[in-house]
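Undergrad: Let me give you the structure first, and then I'll get to my questions.
The values are calculated or read from the model by the stated rules, or taken from the named source; none is laboratory data. The structure presented is a predicted model; accordingly, all values stated were derived computationally and were not measured. Ideal geometry is used to build each Cβ from the backbone, glycine not excepted, and the neighbour counts take in all protein chains shown.
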Amino acid sequence: MSELTRRQQQIVDFIERSQWEDGVSPSFREIAEHFGFASVGTVVGHVRALRKKGVLPNAPRQARSLRVQSPLALLRKRVVDIPLFGSIPAGFAEDRQQQAKGCVSLDIETLGLKPSPRTFALEVRGDSMIGKCIVDGDIVVLEHGLTPRHGDVVAALIDNESTLKTFVIEHGKPYLRAENPRYPKLAPARELVVQGVMVALLRKRR
């Protein structure tokens, strides 16, 4: 939400006070009279700016229809729930089934994300990705369906075993690289299927 000018904040305060004291929102004419505006058109301009900034929700043109958007309501528009499908090994690949574990709530504005129905999250288990600052207990947010690029962190099935690694192409062939020298690179014997490309990393407080 953009910062309000002094006059815009005064108008918001007046609308909230009228709602609290009178039980109804002020009309455009009442706002103009209260602030000494020469015309209702000035109020219309301020209301348009406040709606653009998200403080007043868009509403049909009805008498006394102004409602101040609460900070909590504004925050809820920014927060989305992403399904959390269990954990993924950041160590040696494991043969395992992923099960829905719940969801994780994300502030998409702060993270700069544009989630889709194919966005999901996994909890990291292991230390093979510490070179990318991904540690045990972190949550990786991934997008299914993206084409991985060289250097992307991906959740992948390699010969039917799941793992979290860096996607690398060498001599035209893809393989998975650990970011910890204790682990070998993983080249597929039969098949490498990228299930998701990492788009965000979340860390729990220890």
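Undergrad: From the list A187, A156, exactly one residue is closer than 19 Å to S87 by Cα and of a type outside the set (D, E, K, R). Which is it?
TA: Result of the check over A187, A156: A156.
Undergrad: Let me ask something else. Which residues, taken from region 106-158, are farther than 14 Å from A200 by Cα, in contact with a Leu (Cβ under 7 Å, 6 or more places away or on another chain) and in a strand (DSSP E or B)?
TA: Once the filter is applied, which keeps residues that are farther than 14 Å from A200 by Cα, in contact with a Leu (Cβ under 7 Å, 6 or more places away or on another chain) and in a strand (DSSP E or B), region 106-158 yields A156, I158.
Undergrad: Is it the case, given these coordinates, that A32 is modelled with pLDDT of 90 or more and among the hydrophobic types (A, V, I, L, M, F, W, C)?
TA: Yes, satisfied.
Undergrad: For region 150-168, name all the residues that are modelled with pLDDT under 95 and surrounded by fewer than 20 Cβ atoms within 10 Å (Cβ to Cβ).
TA: Of everything in region 150-168, those that are modelled with pLDDT under 95 and surrounded by fewer than 20 Cβ atoms within 10 Å (Cβ to Cβ) turn out to be L157, D159, N160, E161.
Undergrad: Identify, from the list P26, P83, the residue that is outside the structural domain of K185 (by TED's automatic domain parsing), modelled with pLDDT of 85 or more and in contact with a Lys or Arg (Cβ under 9 Å, 6 or more places away or on another chain).
TA: The conditions single out P26.
Undergrad: Just one of Q69, Q62 is over 30 Å from G196 (Cβ atoms), at pLDDT below 80, touching a Gly at 6+ places or on another chain (Cβ under 8 Å) and not basic (K, R); which is it?
TA: Only one candidate qualifies: Q69.
Undergrad: While we're looking at this one, here's another question. Could you count how many residues in region 115-140 are buried (at least 17 other Cβ atoms within 10 Å of the Cβ), among the β-branched types (V, I, T) and out of contact with any Gly (no Cβ under 9 Å at 6 or more places or on another chain)?
TA: The total comes to 2.
Undergrad: Restricting region 169-206 to residues that are among the acidic types (D, E) and over 19 Å from E123 (Cα atoms), which is surrounded by the fewest Cβ atoms within 10 Å (Cβ to Cβ)?
TA: Once the filter is applied, the top-ranked residue is E191.
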